[in-house]
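J.: Below: one structure in structure tokens.
The values are calculated or read from the model by the stated rules, or taken from the named source; none is laboratory data. All of these numbers come straight from a predicted model, not from anything done at the bench. A quick note on method: Cβ atoms are made from the backbone with ideal geometry, for glycine too, and the neighbour counts reach across all protein chains shown. Accessible surface areas use protein heavy atoms only, side chains included; no ligands, DNA or RNA. Shrake-Rupley method; radii C 1.70, N 1.55, O 1.52, S 1.80 Å.
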Amino acid sequence: VQLQAYGGGLVQAGGSLRLSCAASGDSFSRYTLGWFRQAPGEERTFVGSISRGVPRTYYSDSVHGRFTVSRDNAKNTVYLQMNSLKPEDTAVYYCAADLHVYASTSPRQYDYWGQGTLVTVSS
């Protein structure tokens, strides 16, 4: 599967942004999908994920209650709705997919990655 993330941009603190990640290829519904982010000079960290099958979502503590991951299998797309954005949310955001993992916060568990989209939150 090939992934392409888009929707990043500049937003003021307290604002909202929705990222999308479009996938090509077959069997999109069989993949668990994750969102990660990487700030300059830092490691890539888990943001949220949505499982294959009956979808269950998981979030990092830092975004829980502010961000929502959803998927539309008919459109081969996964979304990250980000509300109440903070300057510390500034990062490049990546979508990822994997056929085997059900839920994982480790980037090493995901085999497929999109190119990343930059989100900048100004104070």
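J.: Run the simple label-point estimate for SER70 and THR120 please: 7 Å along Cα→C-beta, distance reported in nm.
T.: Using points 7 Å along Cα→Cβ, the separation is 2.9 nm.
J.: Also, I was wondering about something else. Can you divide the C-alpha Rg of region 1-69 by 2.2 N^0.38 Å and report the result to two decimal places?
T.: 1.21
J.: Same structure, new question: With every protein chain left in place, what is the accessible area per residue of the chain in square angstrom, probe 1.4 Å?
T.: 51 Å²
J.: Now, a different point. Over 19 Å apart: what share of the alpha carbon pairs of the chain falls there, rounded to a whole percent?
T.: Beyond 19 Å sits 40 percent of the P(r) for the chain.
J.: At a 1.4 Å probe radius, carbon and sulfur cover how many percent of the accessible area of region 15-59?
T.: The nonpolar share, carbon plus sulfur, comes to 44 percent.
J.: If you keep only loop residues by DSSP, which chymotrypsin sites (Phe, Trp or Tyr not before Pro) in region 72-107 have at most 15 other Cβ atoms within 10 Å of their Cβ?
T.: TYR102
J.: Next question, about the same structure. Name the trypsin sites (Lys or Arg not before Pro) in region 1-57 that are in a loop by DSSP and that have at most 13 other C-beta atoms within 10 Å, would you?
T.: ARG56
J.: Build a GNM of the chain with springs between Cα atoms under 10 Å: which of GLY14, GLY53, GLY41 gets the top mean-square fluctuation?
T.: Evaluated over the chain, the most mobile residue of the options is GLY41.
J.: Something else: Please work out, to two decimal places, the log10 of the ratio I(q)/I(0) at q = 0.12, 0.15, 0.25 Å⁻¹ from a Debye calculation in which every Cα of region 60-123 carries one identical scatterer.
T.: -0.36, -0.56, -1.36
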